[in-house]
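Structure first, commentary second.
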Amino acid sequence: MNSPDQSPFDVWRNSHFDLKMDYTGHRTSFVHNLIPEIAVNLGVFDILQIFAQKFGSENLNRALDSNYKIESPVKNCNDGSWLKTSNMVGVNIRTIGNFFNLVKYLLTIGSNQDSVHILPIWEPGVVASLYGKTSWNINPEFFSQELKNAIPHLDTPAKQLKVVVNLVHLMGKTIGMDVIPHTDRFSELVFLYPEIFEWAERSGAKLLNVSHDNAGKVENVVWKFLEKNGSANGSFISYSKEFFFDFNNPLLSDAQKLEVLFGRIEDTNGRLQRRLQLMQQVLYAGFETLPVTMAPPYRCLNLVENDYIMDQMGNKWYNYQFDEPEGMSRVFGPLTRYKFYHTKSDTNQNLDFSKPNIPAWEYVCRKYLACQQEFNFDFMRGDMAHVQPRKDGVPKEIGEYYDPLKAIKKYVQKNGVAYFGFFAETFIAPPDTMGYGVEEDHLEAIEADSTLGDLQASPVGSELFMENLEKYLDLAETRKFAPNFTMITADKDDPRFDEFYKKGNHLRYFVGTFFPEMPSYMSLGFEVRNPHLERAINEEYTKLYVFQITDDTESDKVTHGPFVWGKNFGLFQEIEKMKMVFDKHFVQQNQNDFAWISKPAKDKFLMSWRIGNLVFEAALKPDLQLSSVDSSAIIYSSKEYSEEHWCRVSVISHLSGNNS
């Protein structure tokens, strides 16, 4: 028994051998009492020894071979519907330093959370935003020198990621990638294939047109640049412009073309300088890609004449705004979306959905399949899956070119990965809010298996929380997709949203772990997150590591140094108790033997259900008291941890009395 006066650091220092033995001896599904802050600092040989003892040296050696693929735990599933009951952990690799540290962190995650979503893995662009990739190269920031020193042949970020996916599969967990339908405004990709991006011609603060012919003009600029400056890798250019930009050219691969344009992958700075030079030439010619937009009306943008930023190269970056903005209308200036549809005319920005830009669809499907095949991912998180720009809403007939995220999912499944799942980033907003029409209809149209939802965006038990929970339970029963019981996301771990998490976080974890009728999602750090009764330092918020702001004038976003883990060890220990109950009692129950005892609703704050011979109760209202139960029947209670939001697990044969 640990002394209450011992810190987690003392506990680990005094008991680490026994705690690791419990894990390697299959007595626990996680390393008990190992806080994430300690876990990610364990040495590589310590980790390899743990894995060898847990899974066997032969299996470990296979997993450490970047040319070998450990099979997915869901390989026998016929589709992605397994996601509808999966409990997921979201991880921004930047917060833990490198890919190999993901494996270390997962030693703290029990079998109650069986899936891992990793935020974008590619080279980032402006302000190092993970969601503004500049290439398909794996982010060198996530390379582990420690792992390379131990295993020299794991000498690239890609090789290390392959091995990490193997180790995650060995742990019995699935792992998914972010699929993002956009890039940095001036990524390497916009110069590689201008035709699959949307180019505007601009003069000063005036947009002249959005003609598809602009892509051909940008190709001319790129080609003239190559003629003048030569290839970046020193190769002789003996082919024509048409040959180079041919999307289906089998004789010159994308990788070869990118080397010609920008140089070798390992020359990061050289590639950046070539990209900036190309960007300058395209800007001088009067062209730039249109930025990503969110929510209706999506289109009809203009430039604000006196609202611009001047960069170090003397370029004026004008801010875009909508002609007629609505409540959730947003412009993301650093990003550009693939051109999935042609516009109605050269001067009319509205999209013609009867004219898909087929090369863009083929390209994203091909490239994301290649990522899945190379790294053996089990599912995709579809970024901005709420985008539905058809003003008439979801059409009755869903065609082949309805949605790019759906197309990617289906393309991967068609190419031999039937179990590949689709976790959609939508918030189940009211009609015509985040997208035109009914978002639930859109989710079914894109064949999402599960969706994020928005329970993370309100305090537990608040009016909005209860309304959403009642709605999501109904959707889980009546729709083809399942909303998540989301505890927190990297987006919401932001000082602006501290008010949502001041209390009730143990209840979020309780329901997310034990309620089997909805999937759940939790981002890294929630298990030790400080209550933040007052605003904390920026380094405590994972949201501020999705990008990298180093300018001290941006005081709300700037970070100095690595992510700082919370010190909420009381919450951590309470979560440890729940994980132990899950391992000892929950996994033995038949999950299909589920029955409601008290289904929550807007004005019903007791959430109670039965699985097998266990009863689970959660007080969604802070001061709600649970009924009297024989103490011998209770196998978990949160009452000692917090008087508010009481949670309890009891053996059914001992229950008595009525809930109040």
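The values are calculated or read from the model by the stated rules, or taken from the named source; none is laboratory data. What you are looking at is a predicted structure, and each value in this text was computed from that prediction instead of being measured. Glycine also receives a Cβ, built like all others from the backbone with ideal geometry; neighbour counts cover every protein chain displayed. The protein model used for the area step is the full one, side chains on, heavy atoms only, and it has no ligands, DNA or RNA in it. Shrake-Rupley method; radii C 1.70, N 1.55, O 1.52, S 1.80 Å.
Residues that are farther than 21 Å from N87 by Cα, open to solvent by 40 Å² or more (accessible area, probe 1.4 Å) and not polar (S, T, N, Q): list the strands (runs of 3 or more DSSP E) wholly contained in segment 575-646 that include at least 1 such residues.
Correct list: 594-598, 634-637.
Kindly list, by first and then second residue, each pair from a residue in segment 503-519 that is open to solvent by less than 10 Å² (accessible area, probe 1.4 Å) to a residue that is at pLDDT below 95, limited to pairs with Cβ atoms under 7 Å and residues at least 6 apart or on different chains.
Pairs found: F514/F586.
Within segment 543-574, which residues are under 23 Å from S7 (Cβ atoms), in a helix (DSSP H, G or I) and not charged (D, E, K, R)?
F569, G570, L571, F572, Q573
Quick one: would you say D378 is touching a residue at least 40 places away in the same chain (Cβ under 8 Å), surrounded by 15 or more Cβ atoms within 10 Å (Cβ to Cβ) and out of contact with any helix residue (DSSP H, G or I) (no Cβ under 7 Å at 6 or more places or on another chain)?
yes
Checking the structure you have, find out if any residue of segment 70-88 is under 23 Å from I151 (Cβ atoms), in contact with a helix residue (DSSP H, G or I) (Cβ under 7 Å, 6 or more places away or on another chain) and either without any contact (Cβ under 8 Å) to a residue 24 or more places away in the chain or in a helix (DSSP H, G or I) (or both).
There is no residue in segment 70-88 that is under 23 Å from I151 (Cβ atoms), in contact with a helix residue (DSSP H, G or I) (Cβ under 7 Å, 6 or more places away or on another chain) and either without any contact (Cβ under 8 Å) to a residue 24 or more places away in the chain or in a helix (DSSP H, G or I) (or both).
If the requirement is being modelled with pLDDT of 95 or more, surrounded by 18 or more Cβ atoms within 10 Å (Cβ to Cβ) and part of a loop (DSSP other than H, G, I, E, B), which of these qualifies: D498, D493?
D493
List pairs: first in segment 345-356 and among the hydrophobic types (A, V, I, L, M, F, W, C), second in a strand (DSSP E or B), Cβ under 7 Å, 6+ apart or cross-chain?
The qualifying pairs are L351/Y341; L351/T343; F353/Y341.
Looking for whichever is out of contact with any Phe, Trp or Tyr (no Cβ under 7 Å at 6 or more places or on another chain) and among the β-branched types (V, I, T) here; the options are V649, V615. Which one fits?
V615
So N484 passes all but one of these: (1) open to solvent by 10 Å² or more (accessible area, probe 1.4 Å); (2) in contact with a strand residue (DSSP E or B) (Cβ under 6 Å, 6 or more places away or on another chain). Which condition number does it fail?
All conditions pass for N484, except number (1).
Which of the following residues is assigned to a loop (DSSP other than H, G, I, E, B) and either over 24 Å from P124 (Cα atoms) or touching a Gly at 6+ places or on another chain (Cβ under 8 Å) (or both): V412, V394?
V394
Could we say that F9 is free of Cβ contacts under 8 Å to residues at least 12 places away in the same chain, surrounded by fewer than 22 Cβ atoms within 10 Å (Cβ to Cβ) and either hydrophobic (A, V, I, L, M, F, W, C) or in a helix (DSSP H, G or I) (or both) here?
Here the answer is no, as F9 does not meet what is asked.
Quick one: which of S111, S115 is farther than 29 Å from K557 by Cβ, in contact (Cβ under 8 Å) with a residue 24 or more places away in the chain and under 18 Å from the mean Cα position of the chain (by Cα)?
Result: S115 is the single residue among S111, S115 that is farther than 29 Å from K557 by Cβ, in contact (Cβ under 8 Å) with a residue 24 or more places away in the chain and under 18 Å from the mean Cα position of the chain (by Cα).
Each row is one residue, and each column tells you yes or no for (1) within 19 Å of the chain's Cα centre (by Cα); (2) closer than 25 Å to K20 by Cβ; (3) assigned to a helix (DSSP H, G or I).
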| residue | (1), (2), (3) |
| --- | --- |
| V103 | yes, yes, yes |
| E146 | no, yes, yes |
| K159 | no, no, yes |
| G172 | no, yes, no |
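If a residue must be open to solvent by 60 Å² or more (accessible area, probe 1.4 Å) and modelled with pLDDT under 95, how many such residues does segment 347-359 contain?
Within segment 347-359, residues that are open to solvent by 60 Å² or more (accessible area, probe 1.4 Å) and modelled with pLDDT under 95 number 1.
Among the residues of segment 95-108, are any open to solvent by 10 Å² or more (accessible area, probe 1.4 Å) and charged (D, E, K, R)?
Looking for residues that are open to solvent by 10 Å² or more (accessible area, probe 1.4 Å) and charged (D, E, K, R), one finds none in segment 95-108, hence no.
Read through the list (1) in contact with an Asp or Glu (Cβ under 7 Å, 6 or more places away or on another chain); (2) assigned to a loop (DSSP other than H, G, I, E, B); (3) not polar (S, T, N, Q), then give the number of the only condition that P152 fails.
Going through (1) in contact with an Asp or Glu (Cβ under 7 Å, 6 or more places away or on another chain); (2) assigned to a loop (DSSP other than H, G, I, E, B); (3) not polar (S, T, N, Q) one by one, P152 breaks only (1).
Among (1) of a type in the set (S, T, Y); (2) in contact with a helix residue (DSSP H, G or I) (Cβ under 8 Å, 6 or more places away or on another chain); (3) without any contact (Cβ under 8 Å) to a residue 24 or more places away in the chain, where does T336 come up short?
Of (1) of a type in the set (S, T, Y); (2) in contact with a helix residue (DSSP H, G or I) (Cβ under 8 Å, 6 or more places away or on another chain); (3) without any contact (Cβ under 8 Å) to a residue 24 or more places away in the chain, only one is false for T336: (3).
Taking interchain pairs and intrachain pairs at least six residues apart, which have beta carbon atoms under 7 angstrom, with the first residue in segment 213-236 and farther than 21 Å from A255 by Cβ and open to solvent by 20 Å² or more (accessible area, probe 1.4 Å) and the second at pLDDT 95 or above and in a helix (DSSP H, G or I)?
V221/Q281; V221/V282
Restricting segment 541-574 to residues that are of a type in the set (G, A, S) and open to solvent by 30 Å² or more (accessible area, probe 1.4 Å), which is nearest to V31 (Cα to Cα)?
That would be G570.
Do the conditions hold for K241, that is, is it surrounded by fewer than 14 Cβ atoms within 10 Å (Cβ to Cβ) and free of Cβ contacts under 8 Å to residues at least 60 places away in the same chain?
no
Which residues, taken from segment 244-269, are over 21 Å from E362 (Cβ atoms), assigned to a helix (DSSP H, G or I) and open to solvent by 20 Å² or more (accessible area, probe 1.4 Å)?
E259, T268, N269
How do the pairs read when you match residues in segment 606-617 that are closer than 12 Å to A595 by Cβ and of a type in the set (A, V, I, L, M, F, W, C) with residues anywhere that are in a loop (DSSP other than H, G, I, E, B) and open to solvent by 10 Å² or more (accessible area, probe 1.4 Å), using Cβ under 7 Å and keeping only pairs 6 or more apart or on different chains?
Cβ pairs passing all conditions: I611/P516; I611/Q589; I611/Q591; I611/D593; L614/H585; L614/Q589; V615/L655.
So N98 fits all but one of (1) part of a loop (DSSP other than H, G, I, E, B); (2) in contact with a Phe, Trp or Tyr (Cβ under 6 Å, 6 or more places away or on another chain); (3) farther than 30 Å from T559 by Cα; what number is the exception?
(3)
Using beta carbons and a limit of 6 Å, which pairs, at least six apart or on different chains, have the first residue in segment 155-171 and touching a residue at least 12 places away in the same chain (Cβ under 8 Å) and open to solvent by 20 Å² or more (accessible area, probe 1.4 Å) and the second one of a type in the set (F, W, Y) and in a loop (DSSP other than H, G, I, E, B)?
Listed by first residue and then by second, the contacts come to P157/F143.
If a residue has to be over 11 Å from R299 (Cα atoms) and either among the polar types (S, T, N, Q) or open to solvent by 70 Å² or more (accessible area, probe 1.4 Å) (or both) to count, how many in segment 313-326 make the cut?
5
Picking from L34, L60, which residue would you name as being surrounded by 17 or more Cβ atoms within 10 Å (Cβ to Cβ) and either touching a Lys or Arg at 6+ places or on another chain (Cβ under 8 Å) or part of a helix (DSSP H, G or I) (or both)?
Of the residues listed, the single one that is surrounded by 17 or more Cβ atoms within 10 Å (Cβ to Cβ) and either touching a Lys or Arg at 6+ places or on another chain (Cβ under 8 Å) or part of a helix (DSSP H, G or I) (or both) is L60.
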